[in-house]
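*Asks:* Just passing along the structure, written as structure tokens.
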Amino acid sequence: MSDCMSICKDDKKVDTNEDLFLKVQDFFDRIEESKYLQYRDGQRNMAYSVVDAIENKQILLIEAGVGIGKSYAYLIPLIQSIKNNEQFEGVIIATSTIALQEQLMNDVHKVAEMLELDSINVVLAKGKNNYICRKRLNDFLTTTGNEKYRYILDEVLKKESIDRKDFEEISDKLWKNFNVRTCSQMACPYYADCKLTHERPNYKDAKIIITNQDLFIQDLKKEEKERLFQGNRTVVIDEAHNLEDKTRNAYVLAMDKRYIESLLYRLYSSVSDYTENYLPPQQILEQLTNLFVTLRSSAKNEIRKTEGSIDNYFDYSRVNFQCNKRVEEAIKQLIISIEKILQEIQKRSTMDYYKIDKKAFKELECVKSIMEDILLKEKSKNIYWIDFADARGNYINLTYAPKKIDELSSKLLSGIHAGVILTSATLSSGKDNYHYYSSSIGLDQIVGKTVLKDFSQPSPYNYEENTILYCPQNISSPKNREEYLTDTVQEIRNLIEITEGKTLVLFTSKSDMNYVYEQINRNYFPFKIYLQRDNIDVKKLKETFEKDITSCLFATGTFYEGIDIKGESLSQVIIPKLPFPIVDPVVDYKASQYRDGFLEVYLPEMITKLKQGTGRAVRSETDTAVISILDSRIHDYNLKYNNLIFESLPFTHITNDIEEVKSFVNKKIK
């Protein structure tokens, strides 16, 4: 482990503000007086480490198992600092889910009450996509012409709100049609009445700002004087396992065929007048079409390598494409044409009566540079991929981001002038092994700050008595898709019958999920199965499943994390296939930087996702659960990599015998 690994927490007073340490220590000594908390060793240990990070302006990396109460572990020393230290400038807490942000709003007030702080100024800074854009809503209603959506505008006016939380009945898919994307400020016809613009909270006076990681990172990229969140505030990044992706998202750029065409038309228009019909040559428009059709075809072929049927291309993000001879030739032709056009436009712009569109000219130069970078392949400065812009896969975006996200992340974290706490339940792969996570966000490149990689604080829950991990060996390998799916259908059906419903099944692909759902429902099945669909709100689906005690839920993606279901409604989690990254050029690039990319990248990525998924099973001290992993490859990987997967999970009762599962269920669940 790290050379900065802490050794003993209970004796930790060195390099620590003694007053803050003693006050936090006193709080935990008197914790039995609290009406909200019960004593947890891990919570106390973590709180002491947070004290160090606050006072010594360190970067603290600490994994906190399920049930530790990590939000209290960092809020207690932070709010104690607010109460007793007038020089303490406050806190920014950045998470990746709105659910945790809203929970933290409540937790802050509970901790303030426990610390006898009469009032505390805390604000929730949500991303702009959580608000309705009146202009986009008006455009949406006009474009669709569908009166059934008119009620949305009526509700906006009635509620005098544009906040997502006040429109829970609207599905996520529908919401994306009219939420805020970009803001034209005073050029917008609704600017004068825009609540997002004119009713933004006063962040300057807030002692605690709770926000999302996307907004925080975008703000951190700006010059200090231009930032939304001012001051040398201590930073907590909760759900920090998402930090690498969130940082990359902050630097992602994309272009499509229509964008490049618009640049061409803007340029030609800027150096022509009404007396001539001066338009981009048909040749370059055809070259653009040819390139994007070729890229689309290559991306679809990449998906078909791993998927049987494709229901919705929106389900696939960061899709690879092959820079083969056909793609290379299409790019080379486009580069030549763009170069000719830039020279031609530059020449015409020397005439006194033309004013070139400098912004479009510069952006077209950038397009040319991007095309040249793609041709460099392994030596390119960016990673490139395809994102589909519609469900049928007709329209695509060529998307790209810098390769060296670790360097960018390191620079951002180094620029924070106060302590930084990075925490999550899933930061390590293997016992206390933060290597993969740490290198991915550049912690080994931090300048001017100490990085403390602390011992993982294990969950206080009794996994030995209350859980069983079932990993059968008689299921066909996923490499043999038809046999694997046939075996999986039967095994899932049997396992659901054993627990009499109460099951969450987490798939890695929607095509597998839909197939299993259809096969199980072909014949009579006594337990209701809810299916995650595009037009169903995740929060509502979770609540419906939770209330219907003997039901099952088949889900993907978002249900791997952030879903908290306590009690008998969830007595089993089934993971049919190990959640390795699928067709992902970002992970492919990272793996290419190591001699053994599978061990150094693919396995840690999968383990992190697996920990998140299996972590849905036990959410309280009294929960009991069966966790079933049906991918028989887990035994091969454990044998080859020194039991790494099983050691990363908290479960100690592991079996491949279905009779043991039945016995456990009869004793603990029924």
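The values are calculated or read from the model by the stated rules, or taken from the named source; none is laboratory data. Since the model is a prediction, treat every value here as computed from it, not as a measurement. For neighbour counting, all protein chains shown are included, and Cβ atoms are generated from backbone atoms with ideal geometry for every residue, glycine included. Side chains included, ligands, DNA and RNA excluded: accessible areas come from the protein's heavy atoms. Shrake-Rupley method; radii C 1.70, N 1.55, O 1.52, S 1.80 Å.
*Asks:* Where both partners of a DSSP beta bridge lie in region 505-640, what percent of those bridges are antiparallel, to the nearest 5? Before the final figure, lay out each step's value.
*Replies:* Working: 0 of 10 bridges.
If we restrict to bridges inside region 505-640, about 0 percent are antiparallel.
*Asks:* Another one. Tell me, what is the 1.4 Å probe accessible area of Glu329, in Å² to the nearest 10?
*Replies:* For Glu329, the solvent-accessible surface is approximately 90 Å².
*Asks:* Further question on the same structure: Which residue, chosen from Met105, Thr499, Met186, occupies the Cα position most advanced towards the positive end of the dipole of the chain, where the dipole is computed from +1 (Lys, Arg) and -1 (Asp, Glu) charges on Cβ about the Cα centre?
*Replies:* Final value for the positive-end residue is Met186.
*Asks:* Any idea how far the Cα center of region 136-185 sits from the one of region 356-422, in Å?
*Replies:* 30 Å
*Asks:* Hey, can you grab everything whose amide H is under 5 Å from the amide H of Ile416? Only 5+ residues off in sequence or another chain; H modelled, so Pro and N-termini drop out.
*Replies:* none
*Asks:* Around Asn638, what is the net charge, scoring Lys/Arg as +1 and Asp/Glu as -1 over all other residues with Cβ under 13 Å from its Cβ? Intermediate values should be presented prior to the final figure.
*Replies:* Working: positive: Arg633, Lys640; negative: Asp631, Asp636, Glu647.
With Lys, Arg at +1 and Asp, Glu at -1, the neighbours total -1.
*Asks:* For the full complex of protein chains and a 1.4 angstrom probe, list Lys667, Lys404 by accessible area with the highest value first. Walk me through the numbers before you get to the answer.
*Replies:* Values: Lys667 160, Lys404 95 Å².
Solvent-accessible surface, decreasing: Lys667, Lys404.
*Asks:* OK, next. Once the dipole of region 512-651 is set up with Lys and Arg at +1 and Asp and Glu at -1 on Cβ about the Cα centre, which of Asn523, Ser569, Ala591 lies farthest towards its positive end?
*Replies:* Of the options given, the answer is Asn523.
*Asks:* Taking θ = phi - 60°, what integer Hz values does the Karplus form 6.51 cos²θ - 1.76 cosθ + 1.60 yield along region 99-107, in sequence order, with x for Gly and Pro?
*Replies:* Values, residue by residue: 4, 5, 4, 5, 5, 5, 4, 6, 4 Hz.
*Asks:* Whenever you get a sec, line up Arg258, Arg248 from highest to lowest accessible area (probe 1.4 Å, protein heavy atoms). Before the final figure, lay out each step's value.
*Replies:* Numbers: Arg258 140, Arg248 10 Å².
The residues order as Arg258, Arg248, largest area first.
*Asks:* Please report the net charge: other residues with Cβ closer than 10 Å to the Cβ of Tyr461, K and R +1, D and E -1.
*Replies:* Details: positive: Arg619; negative: Glu464, Glu465, Glu621, Asp623.
Surrounding charge for Tyr461 is -3.
*Asks:* Out of region 213-243, which GluC sites (Glu not before Pro) are coil in DSSP terms and have no more than 11 other C-beta atoms within 10 Å?
*Replies:* Passing sites in region 213-243 are Glu223.
*Asks:* Let me cross-check Asp41: its accessible surface, 1.4 Å probe, with only protein heavy atoms counted, in Å² to the nearest 10?
*Replies:* 100 Å²
*Asks:* Kindly provide log₁₀ I(q)/I(0) values, in the same order as q = 0.10, 0.12, 0.14 Å⁻¹, from the Debye equation applied to equal alpha-carbon scatterers of region 446-582.
*Replies:* Relative scattering, expressed as log10 I(q)/I(0), comes to -0.40, -0.55, -0.72.
*Asks:* Taking the Cα atoms only, what angle lies between the long axis of helix 510-520 and the longest principal axis of the chain, rounded to 10 degrees?
*Replies:* 60 degrees
*Asks:* Short version: ³J(HN,Hα) in whole Hz for each residue of region 415-426, in order, from phi by Karplus 6.51 cos²θ - 1.76 cosθ + 1.60 (θ = phi - 60°), x for Gly and Pro, what are they?
*Replies:* Computed from phi, the couplings for region 415-426 are x, 7, 8, 10, x, 10, 10, 10, 9, 5, 7, 9 Hz.
*Asks:* Compute the separation of the alpha-carbon centres of region 14-68 and region 211-285 and state it in Å as a whole number.
*Replies:* 40 Å
*Asks:* Now for a separate question. Can you check how the C-alpha radius of gyration of the chain compares to 2.2 N^0.38 Å, as a plain ratio? Write down the numbers at each step before the final one.
*Replies:* Details: Rg = 27.1 Å, N = 670, 2.2 N^0.38 = 26.1 Å.
For the chain, the normalised Cα radius of gyration comes out at 1.04.
*Asks:* Largest first, what is the accessible-area ranking of Glu647, Glu482 with a 1.4 Å probe?
*Replies:* On the way: Glu647 115, Glu482 155 Å².
Ranked list, largest accessible area first: Glu482, Glu647.
*Asks:* Moving on. Lys/Arg Cβ at +1, Asp/Glu Cβ at -1, dipole of the chain taken about the Cα centre: which of Thr652, Leu117, Asn638 is farthest positive-ward?
*Replies:* Selected residue: Asn638.
*Asks:* Report, ordered by chain and residue number, the lysines lying within cross-link reach of Lys221, taken as a straight Cα distance under 21 Å and ignoring same-chain residues fewer than 8 apart.
*Replies:* Lys57, Lys126, Lys128, Lys204, Lys246, Lys381, Lys403, Lys404, Lys411, Lys449
*Asks:* Where nothing but the Cβ of Lys and Arg (+1) and of Asp and Glu (-1) is charged, how large is the charge dipole of the chain around its Cα centre, in debye to the nearest 20? Write out the running numbers ahead of the final one.
*Replies:* On the way: 92 positive and 101 negative charges, 363 e Å.
The dipole of the chain has a size of about 1740 debye.
*Asks:* Treating only the Cβ atoms of Lys and Arg (+1) and Asp and Glu (-1) as charged, compute the dipole magnitude of region 35-155 about its Cα centre; round to the nearest 20 debye.
*Replies:* Details: 14 positive and 15 negative charges, 91 e Å.
It comes to approximately 440 debye.
*Asks:* For the chain, what does -39500 (n - 2.57) per DSSP helix run (n ≥ 4), summed and divided by total residues, give at 222 nm, in deg cm²/dmol to the nearest 500? Can you show the working numbers first?
*Replies:* On the way: 25 runs with 290 residues, N = 670.
It lands at -13500 deg cm²/dmol.
*Asks:* Right, another one. Could you pull the accessible area for Asp256 with a 1.4 Å probe, rounded to 10 Å²?
*Replies:* 30 Å²
*Asks:* Next question, about the same structure. If the cut-off is a Cα-Cα distance under 18 Å, which lysines reach Lys325, setting aside same-chain residues fewer than 8 apart in sequence?
*Replies:* Within the straight-line limit of under 18 Å, Lys325 reaches these lysines: Lys300, Lys377, Lys379.
*Asks:* Sticking with this structure for a sec: Which ³J(HN,Hα) values in Hz, rounded to whole numbers, follow from the phi angles of region 495-501 under the Karplus curve 6.51 cos²θ - 1.76 cosθ + 1.60, where θ = phi - 60° and Gly and Pro get x?
*Replies:* Computed from phi, the couplings for region 495-501 are 5, 5, 5, 5, 8, 6, x Hz.
*Asks:* While we're here: Indicate, rounded to the nearest 5 percent, the antiparallel portion of the DSSP beta bridges found entirely in the chain. All intermediate terms of the calculation are to be shown ahead of the outcome.
*Replies:* Details: 13 of 59 bridges.
Antiparallel bridges make up about 20 percent of those DSSP assigns within the chain.
*Asks:* Then there is this: Would you please give the residues with an amide H less than 5 Å from that of Gly127, counting only those at least 5 places away or on a separate chain, with H modeled from the backbone geometry?
*Replies:* Amide H neighbours of Gly127, under 5 Å, 5+ apart: Asn212.
*Asks:* Evaluate the charge dipole of region 553-670 about its Cα centre and quote only its size in Debye, nearest 20, assuming +1 on the Cβ of each Lys and Arg and -1 on the Cβ of each Asp and Glu. Walk me through the numbers on the way to the answer.
*Replies:* Details: 14 positive and 16 negative charges, 45 e Å.
Charge dipole of region 553-670: 220 debye, to the nearest 20.
*Asks:* Which net charge results when you count Lys and Arg as +1 and Asp and Glu as -1 among the other residues whose beta-carbon is under 15 Å from that of Asp154?
*Replies:* Details: positive: Arg134, Lys148, Arg150, Lys158, Lys159; negative: Glu147, Glu155, Glu160, Asp166, Glu169.
Taking every Cβ under 15 Å from that of Asp154, the sum is 0.
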